[in-house]
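Asks: Let me give you the structure first, and then I'll get to my questions.
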């Protein structure tokens, strides 16, 4: 496979209004990657740990 060099990259930061939607899209993308690479037990442990951290915050 031939790859081209990336010449320009644009980074868009979320505004305060759409920050929740931005975080949901990031979460969906990460879950898709995790499902391919990690067993379900590991994903469940990560989700549990994140939920506990969010409840404490």
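The values are calculated or read from the model by the stated rules, or taken from the named source; none is laboratory data. Predicted model, so just to flag it, every value in this text is computed and none were measured. Cβ atoms come from the backbone with ideal geometry, glycine included; neighbour counts cover every protein chain shown.
Asks: So which residues in the stretch 1-33 are touching a helix residue (DSSP H, G or I) at 6+ places or on another chain (Cβ under 8 Å) and part of a helix (DSSP H, G or I), if there are any at all? Write out each step before concluding.
Replies: Residues of the stretch 1-33 that are touching a helix residue (DSSP H, G or I) at 6+ places or on another chain (Cβ under 8 Å), as a first pass: 14, 31.
31 - this is the single residue of the stretch 1-33 that is touching a helix residue (DSSP H, G or I) at 6+ places or on another chain (Cβ under 8 Å) and part of a helix (DSSP H, G or I).
Asks: Okay, moving on. Mind listing just one residue for me: the one in the stretch 1-19 that is exposed (fewer than 10 other Cβ atoms within 10 Å of the Cβ) and within 26 Å of residue 47 (Cα to Cα) and, of those, modelled with the lowest pLDDT?
Replies: Step one: filter the stretch 1-19 for residues exposed (fewer than 10 other Cβ atoms within 10 Å of the Cβ), giving 1-13, 15-17.
Subsequent filtering for residues that are within 26 Å of residue 47 (Cα to Cα) retains 13, 15-17.
On the way: 13: 80, 15: 81, 16: 81, 17: 77.
Residue satisfying both the conditions and the ranking: 17.
Asks: For the stretch 34-50, how many residues meet the condition of being part of a helix (DSSP H, G or I) and surrounded by 10 or more Cβ atoms within 10 Å (Cβ to Cβ)? Steps first, please.
Replies: From the stretch 34-50, those part of a helix (DSSP H, G or I) are 34-37, 40-50; that's our starting set.
Next, only the ones that are surrounded by 10 or more Cβ atoms within 10 Å (Cβ to Cβ) stay: 34-35, 42-50.
Qualifying residue count, the stretch 34-50: 11.
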